[in-house]
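No lab work stands behind these numbers, since they all come straight from the coordinates. This one's a predicted model, so the numbers in the text were calculated from it and none came from an experiment.
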Amino acid sequence: MPPPADQLPAADGSAELRDLEDRYGSYCRAMRMLAREGKSLKTVQRTVCWQQLARLHDCRPARYQEPDALYLRLCREGGNGGAAATRR
């Protein structure tokens, strides 16, 4: 019986994990766009990119940072000083 669809992929290099890793850049670009648009942290946490970045971090924490740290860094880099992160 296969594991539930919402279960994290195995950290052993499974096809699902490799697919997530292949799309890492896309998830980061999506997060960057949301930060530039000034979306709140609460709003961003409901997105697919947040969920996938969280899955990557959970599977390989030494390689992928937490999505909230990435979001806050992108807000600072985007020139809004993390203001979007404070709006909930």
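Computed values, structure above
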{"item": "Fully extended contour minus Cα-Cα distance, from Arg76 to Arg36, at 0.36 nm per residue", "result": "13.4 nm"}
{"item": "Length released on extending from Thr43 to Ala62, taking residue separation times 0.36 nm less the Cα-Cα span", "result": "4.2 nm"}
